[in-house]
Amino acid sequence: MTFLSLLVFSPLLGIGLLAWVRKTETNMIQWIGTAATVPPLLLSLFAFIQSVRGFPLERLDEAHHWVRLADFPFLTDAAYVIRYELGIDGLSLLFIVLTAVLGTLAAVASLLVNEEKKGYFMWLLALEVGMLGVFAAANFIWFFFFLEVTLVAMFLLVGKWGGFERERAAYSYLLYNGFGSALLLVVIAVLVARTGTANFALLGDMLHHPVAEGQLIAPLTSEARHWLLGGLLLAFAFKLPAVPLHRWLIRVHVEAPPPVVMLHAGVLLKIAAYGMIRFGIGLFPDEFRAFAGVIAALGVVNILYGALLALRQHELKHVLAYSSVSHMGVVLVGLGALNEAGIQGAIFQSIAHGLIAALSFLLVGVLADRWGTTDIRRLGGLAASMPVFSGYLLTAALALLGLPGLAGFVGEFTAFLGLFAKKPILAAVGALGLIFAAAYSLKAVLNVTFGRARGSQPPAGQSEPREAVADLRMNEAVPAFILVALIVAVGVYPQLLAGQLAAALETMMNGLGG
Amino acid sequence: MNLAWVVPLFPLCSFVLLLWFGRKWKQTSAYVGIAATLLSLLAAFGVLVSRLGGATYEANWTWMKIGDATLTVGVSVTALNAWMLVVVALVSWLVHIYSQGYMAGDERFSTFYAYLGLFTFAMLGLVLSPNLLQAYMFWELVGLGSFLLIGFYFYKEEAKAAAKKAFIMTRIGDVGFLIGVLLLFWQTKSFDYDDIFRAVGNGTLSPGMTTLTAILIFIGAIGKSGQFPLHTWLPDAMEGPTPVSALIHAATMVAAGVYLVAALFPLYEASAAAMMTVAVIGGGTAVFAATIGLVQTDIKRVLAYSTISQLGYMMLALGSGSYVAAIFHLTTHAFFKALLFLAAGSVIHAVHTQNIEEMGGLWRRLPWTAPLFLVGALSISGVPLFAGFFSKDEILAAAWTNGSVGLFWLAVAAALLTSFYMFRLFFLVFAGEARHRHDGAVHEAPMSMTAPMVVLGVLSVAAGYIQTPWFGSFLGEWLTDGAYHHEAAPGWIAVVAASVSLAGILLAWLMYGKRTVPRDWLSARAPYGYELLRRHYYMDDLYRSTVVALVSSISRLLGYVDRYLVEGLVQFVTGTVNAIAAAGSRGQNGQAQTYGLVAAAGLAMLVVIFALTGGDWL
Amino acid sequence: MSGTDIAFFLLALAAIAGAVMMLQLTNVVHMVLSLVMTFLAIAGLYVLLSAEFVAVVQVLIYSGAITIIMLFAIMLTRHHADDKERQTTGGVGHKAAAAFAVLAFGLAVYAGIRTLDFGADGSALPADNAKAIGQWLYSYYTIPFEIVSVLLLVALIGAIVLAKKDGKGAEDE
Amino acid sequence: MTLSAYLALSLILFCIGLYGALTKRNTVIVLICIELMLNAVNINFVAFAKYGPHPSVHGHVFALFAIAVAAAEAAVGLAALIAFYRNRKTVRVDEANSLKH
């Protein structure tokens, strides 16, 4: 089967086509760029539907010989064969679908990007390849490879197509994430050196089955495993990000072009959550226990810290950036609970926040396009001039604050449900974040949409007051509607996703021995 | 009964349809909303009737599986649920009809109806919930509905603030509720009411945990039902259109709190401390809010404080162990409070002001509204033969038999205050000479507004007779499946209740009707006390200067931490790297000996490390 | 204490003294001459180590050839007022760092060699070491030996090319 | 006499040579210091040839090679010194900083 390879690399076709298009033909570029995100979307939806109908996902696994490092005399014979391996389970499939959906929507929303469109789309598609690959990779080497692809693509997208302080933001992003990646690389190197394989499944076997453990090239002591897990968690804490490693996120959220932030907040942050779940819990379940308390506490800190800071921001993008910090805290809370409810909650929160953040930034992009500002002090009463937009924005705010019936609630509820079983007091403190979430999201959104109409102020850089502004256009309304529909669908019937996760979760829980 | 799930579905359809097509349909939207709620009301009647002969019905569907645990959603038709279903659907239907007249001509007419549909859907869904999870979800949706409707006039800054406040204040309660629910889940491994009651019954749930969860859930009810100290949003919620106030205050939003405690009654019964908390908060709120109601000048605010006070009554009933009395009062209150609000809406519609100082002499001008308002006022004051009298009497009897004498007298005091401020309102608005400016334009409301008021007026009298000492206690038997026995309360309680309410009316008449007692009697004698009441005991200011100030100062502090400490730390790291780089580049001075020195030092370092560690680590 | 030991200590003392004097003296010619003492002492040590051939080569090449070239180089370049000028580069920091690095290196290596002893007494060495060296050089080490000759040739030519006056330099003269 | 005494002597000479090479200002002296370091190494060769684990004349041969290379180095080094002096009219190491630019 080459299904997964096709899925992951199909956006490359778009890059290839774009290379032949002249820079000035922006319409053509927009069409090709958008169309190139459709094949992964269709393929991933197909896979999802098949999976719901009971198709075993293991049959999609791919493995090809890639590099053999066995010719060095100091390496043992069979070891260090690195293969090209792709494979997915229910967990990765969900993230792949999320990526593919957001990829297409971000491409549509990129209509707002006007300069250097050709390069922009090429990097956007590269970013999508990276993100799809990260979730489809079945071994560490390829996981890392795809991760670095996203890093480079994101760096360029922020640095070249961002706002005023784009370079600072891009370097900030590169530094933090590069550091995280370096740490991750060390962990991967040690693991591969000690086990001789980079394959997730094989690694999992070797690390905890006594029989398979005999195949280790060098034994891993419990202490070493704790260090490895610590390194892994720290690496992903950079990318999640966990307080106090979150400053880069704020800059990127503010400076990057909104469609890129849709993907960044929607998918890239989730890679960290995915990594913590897949590698942290998947490979080191016993050691994870030792970190669970810290992670949960860090999660609560994230929630409250992000929420309290979001409360005093005047820039809508800042509010959303800090709310991302807060929401990622919920993911940590779920992981810290380390039980089925908690992990499931963390996954749901990741996906829900992916959808919600994408919706928010789609709308913020529109706002910036129409008014030239996203400062909530300079806007007001937009519900009168842009009713549809305001409706969507309000929906986004409600989803952010975790209204039941929308996706955000399922994640928060399930994650907290998990933590309440382990650490009720900590969880209760964290639950206070829900109040602040309501406060900051309503404050920000109501200031923009409700109240006195402040639309007559001239937008930045223009002397004439803008009397009438266009409400959502078709190309904005359709993605927004799709996102809202998905948010509602997940919120109303979460079993649709939970059913896919069941098998993957069960494996993990077996690893945890609970 | 198998079709109980369709009851909330009609308003939901109305919401979705109106959101989608509302702009096209304009004024026709009202008919969609009215038809949907009518269907829902008929279905609710059907459920009630079939429940009459049948047993409790419950159906569940999987919502989400977590490992082995399955979370479900479903419908359950118990006696309480079926009863509430009818009350909610009825009031909602009447409000839908009324709004057609009241909101006519509004630009966002269809949106208004869409929100009404959502609100009704949420409340009906809450009432039908068989488990706490679903109850929580609809609970929040009820909050959403009220938020949207309170903020309906979004262009008014006050409406914006009020909507935000309503949502956040109730969210505070909701978090308490959520924590309680989650704790209960791990104690009982279920969200189902039945499983929880079983756990309470067989002692799986420890007494301490019972009290804790009961109180936490009660915090949710405090937030929703506007009990002290989370009541401040309710008067501000008057910024919404008046029919919304009727809906919020009568049947949906605030009733949810009382309903929740009633639905979880076995949990509360198991904990004396929780019962006591409920009773004390309820009784306290009843008097507290009534005193504020005495001096307000906004017609809707007076009614809002009376709602808080009456909800306190219901909580007092629940805390005193009389579940039936609470639901009874909830029902009668739903009717007369809806009536009062709709009548108030009609008055506002006529004179375009909400300030009672600017009204007066409307009795003749509003031939339908005025008598109906009087009916409502008599009912809420507890004048004998009106519905309010019976339900209030039941509560007083419950408080007395429960042995809490203090709470009993508190309730009596609240009754006195209630009848006083209601008639103060009545006399100021309808009696005397006209003080308003648009005298000529005042006219009675259209048929679509008066008709629902007439229905409610009838119900405000008739609803009392479903539970009386004389004609049998239909409601009590219905709610307890026949196990109800009317406790023999001393007969003098009814006499006290009646005389207290008449005394209140008399006092109001003396002050505002006949004017034998000067109006500034209180403000002249106790200006500070008067100011205290007028400013709602400074609760808003208190919150602003404590909770809000605290949160915002923490937030500001964290802002500095974020900008200077966290960012500073990062700057320090990057600065160090930069400094090392600068030092390194200073070494690049072209001096061969410097390069040699660096190389030699590096070599020396390696050799030293090697010598010290023995090189084993390699 | 045997005679060999006394000889070793005297020679070692002479070698170190020459090296230290080289560091401390101010006149360049004196410095080179003090080093000649070191070279000679080292040649003496080679004798003690039963490497008479190497000792002779040492005297010929170092004490003779290299020292003479050095002196020529000194004479060919100007060294006026050297006595008053500072002899070393850099500041105190540079010197201290160099001293520290050298000392650390020395101590660390000393820790390694302090007790190094393989128990060999050198009796296995052929008495006629010049002959043995010759045999090895022209049999086993033929190719390295030839390459060294090439190296020397290259050095010779390189030195000539480098030292030759170029056009620019000639104009300066 | 033991091996370690010779090695210690060679170490001392090497260190003195190194220090001189790193700090002396006169290029000639720097070159001489390097010669001193090479000599220190030669002592090691010869000492190991006698007291090492496998005593043989190979050590001597190596010492001879080292001397040959040292001689070549001295020749080239001095030639470079002369060239440098001709261009800059100085023999100070710290004035030879063309590497920087």
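Some observations on this one:
- Built from the Cα atoms of chain A, the convex hull projects on average onto 23.1 nm², one quarter of its surface area.
- Inter-chain Cβ neighbour count for B:601-609, averaged per residue, equals 5 (cutoff 10 Å, partner chain atoms only).
- Across peptide D:27-39, the average count of Cβ atoms from other chains found within 10 Å of a residue's Cβ is 6.
- Ordering B:401-410, B:305-314, A:443-452, A:36-45 by mean Cβ neighbour count within 10 Å, with the highest value first, yields B:305-314, A:443-452, A:36-45, B:401-410.
- When only Cα pairs below 8 angstrom with a gap of at least 6 residues are kept, chain B shows a relative contact order of 11 percent.
- Label zone at D:Thr2 (point 7 Å along Cα-to-Cβ), backbone N below 18 Å, segment D:36-60: D:44, D:47-54
- Mean projection area, nm², convex hull over Cα of segment C:1-78: 5.2
- Which of B:Thr213, A:Thr26, B:Thr546 has the fewest Cβ neighbours within 10 Å, and the rest in rising order: B:Thr546, A:Thr26, B:Thr213
- Counting every other Cβ atom within 10 Å of each residue's Cβ, C:Leu76, C:Leu125, A:Leu401 order from fewest to most as C:Leu76, C:Leu125, A:Leu401.
- Normalising the average separation of contacting C-alpha pairs (under 8 angstrom, six or more residues apart) by the number of residues puts the relative contact order of segment C:1-78 at 28 percent.
- Averaged over the residues of peptide B:177-188, the number of Cβ atoms from other protein chains lying within 10 Å of each residue's Cβ is 4.
- Cα-based helix-to-principal-axis angle, B:6-25 vs chain B, degrees rounded to 10: 80
- Protection proxy ranking, peptides B:94-103, B:161-170, A:490-499, B:244-253, average beta carbon neighbours within 10 Å, highest first: B:244-253, B:94-103, B:161-170, A:490-499
- For the protein assembly as shown, the equivalent ellipsoid built from the Cα gyration tensor has semi-axes of 89, 32, 30 Å, listed from largest to smallest.
- Overall dimensions of chain B as given by Cα atoms, namely Rg and Dmax in Å: 30.3, 114
- When the pairs B:Lys164/B:Lys189; B:Lys26/B:Lys156; A:Lys239/A:Lys317; B:Lys26/B:Lys300 are compared against a 25 Å limit on Cα-Cα distance, B:Lys164/B:Lys189; B:Lys26/B:Lys300 fall above it.
Every number here is computed from the coordinates shown, using simple stated rules; none is lab data. Every value quoted in this text rests on a predicted model; they were computed, and no experiment measured them. Positions of Cβ are backbone-derived with ideal geometry, glycine not excepted, and every protein chain shown enters the neighbour counts.
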